[in-house]
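Laboratory data are not the source of any read-out in this text; all were calculated from the coordinates shown. Not measured: the values here are computed from a predicted model. Because the Cβ atoms are built from the backbone with ideal geometry, glycine has one as well, and the counts that use them run over all protein chains shown.
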Amino acid sequence: MPTPAAILWFRNDLRLADNRALAATLATGAPVVPVYILDDEAPGQWRMGRASRWWLAGSLAALGRDLEARGARLVLRKGRTEEILAQIAEETGAKVVHASRAYEPWAAALERRLKAGLSEKGIDVKRYAGTLLAEPESLRTQAGEPFKVYTPFWRALSERTTVAKPLAAPDKIPGLKVTLISDRLDDWALRPTRPDWAGGMRDVWRPGEAGAQERLARFASDRLSDYDEARDVPSEDGTSRLSPHLHFGELSPAQCWHAALAADGAGRKPSQGLDRFLKELVWREFSYHLLAHWPDLPEAPFRPAFAAYPWQTSKAALRAWQRGETGYPLVDAGMRQLWGIGWMHNRVRMVVASFLIKHLLTPWQNGEAWFWDTLVDADLASNAASWQWVAGSGADAAPYFRIFNPVAQGEKFDPAGDYVRAWVPELARLPAPYIHAPWLAPKTVLAIAGVELGRTYPLPIVDHATQRALALAGYEQVKAAAT
C-alpha cells in the first residue's frame, strides 16, 4: 500500500536549503505536496503591503521553479488557510501537515486553530523551528522572565545557544503523480500594473533563494570586514541588504550566521564587522522575542505611560513626510529611496523615524503603517520594535531626549552629499557645505545650482529647534503622568 501524501505548507520559509519542515517531510518517504496559501483574512490589519506583495510574487515564482526542478509542483491557493489545508488533505489523503513555525500574534493564533480543527479530521499539524536562531521561550532572565533589554539578551543568546549548521537543499523531492488544481500566480495580481511603480525594485532586487544566496555570498566576501563602519554611510553599499530575504525565509538566520563566521574566520582575527553583523542578526531575534511575549507591540506603546503623549498630528505634514517633501534633504532622500526601491538605509531609517515622531509630533504607528506598505522587508516584529525604540516607548528604547538633527546627521554620515544627490536630484548641483541645509545657502549659490526654495525644492516644513523643544515638553508630560 503506498505511503499517504504529506503536505508541506510554506509560509515565510520560501527556500529549500536549511528548511527543517521540508527535511521532516522528506524523512517520511511520502509524496510531498508543497502548498502556499495567500490568506488575507487571518492577518487582519497586518495583511501584506504592496511592496511585500511584489516581492512575494518573485519569491513564489522562484520557489516554484526550484521545486519543479526536483520533482514536485507548488500548489497555490487563495483563501482561508484552515479550509484550504483541509481541502488539500481530502484531495490527497494526507494525514499530516508539516510547516515552519511563525511568531506574529495572528500567525500563532492561526496555528492553534489549525491544530484543533485539523486534528478533528484526523490530520496532524507538525511545526518546526528555523525562522529564528533561538525560540522565544528558550531564553529567559535569571528571574525566569522574558528579556526587556537587548544587551543581556545578546549575551544570553550568544553564550547559551549553539546555532546548528545549515541543512543542504535536497536533490530530489518526490511529488504527487496526479496534478492538483492550483491558482495561477499572475491571477493573484501581486505585481502593480497601472501604474507600474516597481521599476526601481526590479532594478535592485532579485527575490528568491538563488538571489538570497548570491547576496549573502557577496556580502560575506566583500563587505563583512568593514561592515561596522560602512553600514552607517548611506551613499555606500555597506549594509548586507539581506533583510527582505530573511523576512520571506529565502535565507535562514543560521545560514547568515555560519556564512559570516566562515568568511571572517578564514585565518584572520575576528573583525568588528563580524561582531556588529551578528549583533544585528540578534536584534532581529530580540524583536521577535518581544513580539512573542508582548503581542500588542505593533499597536500599543511597550511602556504604557507613553500613551499619554500629546501628539499634534498634521495630515499635511504626514503627507509631506511620505512624499519626501519636508525640506530636510536627508529625510527627503530616505523617503524617496523607500518609494523608489522599497528599502531604506538603516541609518536614514532612524533619522526619518525620529523626524516624524519628534519633529512632526506624529504617532509612531503612522510611520509603522507607511513602512508596512512600502518596505519589501516589512517585518512585523522588527518594524514595531524599531519604531518604538526611536519613539522611546519601547523595550531597551533610545532615550526620549535623543532627537536626531537631520542636518547634523547628513553632515556626519553623508558629508559630500552623494546620498542626497542620488535621491533628491533637484539639489544635485548644490555645493556640499549647503546640501543638507539649502536654506542657508546664499542666493547666488542657489541660483547657480538651479534651486529656487519654495518652488523647485520646499522650504523646511518645521523648525528643528522649535520642534525639539515641543517634543521634549511632551515627554516631560509623559514623565509627570507616570509619577
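At an R0 of 22 angstrom, the distance between the Cβ atoms of Asp275 and Ala129 translates into a FRET efficiency of 0.35. Bridging of Lys95 to lysines at a Cα separation below 21 Å is possible for Lys115, Lys121, Lys126, Lys177, once same-chain residues fewer than 8 apart are set aside.
Modelled label positions at Ala109 and Ala27, each set 7 Å beyond Cα in the direction of Cβ, lie 3.2 nm from each other. Note on Glu137 and Ala308: the extension gain reaches 58.4 nm, defined as 0.36 nm multiplied by sequence separation minus the Cα-Cα distance. Applying 1/(1 + (r/R0)^6) with r as the Cβ-Cβ distance of Lys315 and Phe401 and R0 = 35 angstrom yields a FRET efficiency of 0.80. Multiplying the residue separation of Arg47 and Arg429 by 0.36 nm and removing their Cα-Cα distance gives an extension gain of 133.3 nm. The rule of thumb for compact globular proteins, 2.2 N^0.38 Å, goes into the C-alpha radius of gyration of segment 6-130 1.00 times.
Here the simple spin-label model places points 7 Å from the Cα toward Cβ, and for Leu180 and Arg155 these points are separated by 4.8 nm. Using the Cβ-Cβ distance between Asp40 and Ala447 with R0 set to 41 Å, the FRET efficiency from 1/(1 + (r/R0)^6) comes to roughly 0.20. Between the Cα long axis of helix 253-264 and the first principal axis of the chain there is an angle of about 70°, rounded to the nearest 10. Separation of segment 291-369 and segment 414-434, taken as the distance between their Cα centroids, equals 23 angstrom. In the chain, the inverse of the mean reciprocal separation of distinct Cα atoms equals 24.1 Å; this is its Kirkwood hydrodynamic radius. Computed from the alpha carbon positions, the gyration tensor of segment 304-482 leads to an equivalent ellipsoid with semi-axes of 28, 18, 13 Å, biggest first. Only DSSP H runs of four or more residues enter the estimate; each adds -39500 (n - 2.57), and after division by the residues of the chain the mean residue ellipticity at 222 nm equals -14000 deg cm²/dmol.
Restricting attention to segment 304-482, lysine pairs at least eight places apart or on different chains and with alpha-carbon atoms under 29 angstrom apart total 5. Computed from label points 7 Å out along Cα-Cβ, the spacing between Glu229 and Ala168 is 4.0 nm. Compared with the direct C-alpha span, the chain from Ala482 to Arg455 gains 5.2 nm at full extension, assuming 0.36 nm per residue.
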